[in-house]
Each structure stands twice: as C-alpha cells, then as structure tokens.
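Colleague: Once you've had a glance at the structure underneath, I'll fire off some questions.
The values are calculated or read from the model by the stated rules, or taken from the named source; none is laboratory data. Only a predicted model underlies this, so the values are computations on that prediction, with no experimental measurement involved. Please note: Cβ atoms are built from the backbone with ideal geometry, for glycine as well, and neighbour counts cover all protein chains shown.
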Amino acid sequence: MKIPFKRLISALIIVGLGLWAAPVLAGEPVDWQMGFQPPASSSAERLQDFHNLLLWIISGIVLFVFILLVIVIIRFNAKANPKPAEFSHNLIIEILWTVVPVIILIIIVIPSFHTLYENDRIENPDMTLKVTGYQWYWGYEYPDHDGLNFLSYMIPDDEIDESKNQRRLLSTDNVVVLPIDTNIAIHVTAADVLHAFAVPAFGVKIDAVPGRLNETWVNINKPGVYYGQCSELCGKDHSYMPVEIHAVSKKEFQVWLRKAKKEFAGLENKTDVEFAFLEGR
C-alpha cells in the first residue's frame, strides 16, 4: 500500500509541530523533548537567554570555519593549486585571529558574569526554604514559619494515582508549596552523602554537601506543578528521590501554610501578622 506523498509530508509536519510544542505546554520532562523546559522563574529566563546567545555565537563560528574549510578544499587542493605558495606568515591575518576571539570572549563574559551574579543569591529575601538531602529522600523546612518541616518520599509505582495527575518517578507523598512573585532563598545541605537539588524549570541546580550550607534563590513567576530530581550520584536509589513543587498564589500559600502547620507540626493557627508579607501589607 502506497502512502500519498502529500499525506506523508502532512503527517511529518503534524508530528514535528507536536514534538516542538510539547515542551512549551509541559511543566515536566516529556518524550522526545529537545530543548529546555519552559522557564518558570527569572533565574531560568536569564540562563536560557544566555544559552541562546551562546548558541548564535557558536553557530556562527561553526559556519565560518566550515566555509573556510570548503574554500581550502576547493582552491588549494593539489589539482587546483599544483604549486603551493611558500610564505608562512601574514601579519593582518595573525592580528585578526588574535583580536576577534578576544572580542567574542568579551561579548560572552559580560552577560555570563551578570547571570552568575543575579542567580547567586538575593539580599533580604521574602522567605527561606531549607532543603536537606538524605539517602534517598528530601527534607524541607520553612524557617520563617515556626520551623515547619517535613520529609518527602517518592510515591511507589504501585501507588501512583493518575486521577490526581501523579507522575511515575516524579510525584512525592509530601509536596513543597511555594508562593509565586516572592523572592525565596533556598538553603541546601545534606545529612549523609553528596546530593544535588535540581529543578530545571526554575533554573536551579545546587550541590547538597554534608556540613556545608549552599545558597541560591528563586522567584517563581507562574503557578503550576514543577518537578526536579537529585542530580548527583548518591547511591543505589539515586534515581528515586524526586522533587515536586507546587507554585501557588500568595493567598493559596497562606491557606496551605495554616493546614501544613497542623499536619506536620501540630501548630494552631497564628495571627495574620506572619502572613503580612504575602499580602503586601
């Protein structure tokens, strides 16, 4: 059975558009994903902008070198140029191939330093999340909210509930809830071996080192469910300690916080003073 050429082309276009659009619509890894997850924080946006700049630069360099190689192959092969020139130096070319790379490096280093500085840490954050890596699960603490803390384990395959949009190897029993449009300092450490706390959509990947407190920060700009994983080989269950973060509005975070204090810390409702920064009062 022959497939009409036009139908084949149409099918390929539809599949291609689907693969291209999938990462844009998803807040998690997807099959055949080729690029980054859509950025959900200012940190991720800066990283992806810098990546795109580098992509244009290296593509231009590759194209330039390729053209030079083609010229050399065509003009200076033994058949086209049986008697090669005998000179070995050219002052102008030597100056150019020294100065041009320096200019390219300067173009790269300025946004690079800016991105490193902006993503490093934030002064006077609105709140803090402390993350501790264990073999093989995560512990979370909210120091600014009466020390609320809990442990988070991956949901086993046989307990995954698809009706709740749970994801195999990604969903956890206790999820991290964070407010959007809030400067959140993230302190990361480990209790046993090296781990790495990574959430691609936030542009966050930071080592969790026993006896050391590393710091980064994030400002989530849109609600959603975001997943991450440990990105440091930490033992036999390294691939079974995912991160699940629910980004919600500030009011929704306030409601969750009241419930979580009861569930995890047995605390009664406090006054609204502790939530004042969430409501901008």
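Colleague: Give the residue, chosen from Asp144, Asp157, Asp173, that is more than 23 Å from the chain's Cα centre (by Cα), over 25 Å from Gly203 (Cβ atoms) and either among the polar types (S, T, N, Q) or in the same structural domain as Glu232 (by TED's automatic domain parsing) (or both). Steps first, answer last, please.
Modeller: Working: Asp144 fails: over 25 Å from Gly203 (Cβ atoms); Asp173 fails: more than 23 Å from the chain's Cα centre (by Cα).
Matching residue, one of Asp144, Asp157, Asp173: Asp157.
Colleague: Now for a separate question. Looking at Ala185, is it surrounded by 15 or more Cβ atoms within 10 Å (Cβ to Cβ), touching a residue at least 40 places away in the same chain (Cβ under 8 Å) and under 17 Å from Pro242 (Cβ atoms)? Reasoning before the result, please.
Modeller: On the way: surrounded by 15 or more Cβ atoms within 10 Å (Cβ to Cβ): yes; touching a residue at least 40 places away in the same chain (Cβ under 8 Å): yes; under 17 Å from Pro242 (Cβ atoms): no.
Against the criterion (surrounded by 15 or more Cβ atoms within 10 Å (Cβ to Cβ), touching a residue at least 40 places away in the same chain (Cβ under 8 Å) and under 17 Å from Pro242 (Cβ atoms)), Ala185 does not qualify.
Colleague: Tell me which of these Ile93 doesn't satisfy, since it passes every other one: (1) at pLDDT below 90; (2) in a helix (DSSP H, G or I); (3) within 30 Å of Gly228 (Cα to Cα); (4) not aromatic (Phe, Trp, Tyr).
Modeller: Among (1) at pLDDT below 90; (2) in a helix (DSSP H, G or I); (3) within 30 Å of Gly228 (Cα to Cα); (4) not aromatic (Phe, Trp, Tyr), the lone unmet condition for Ile93 is (3).
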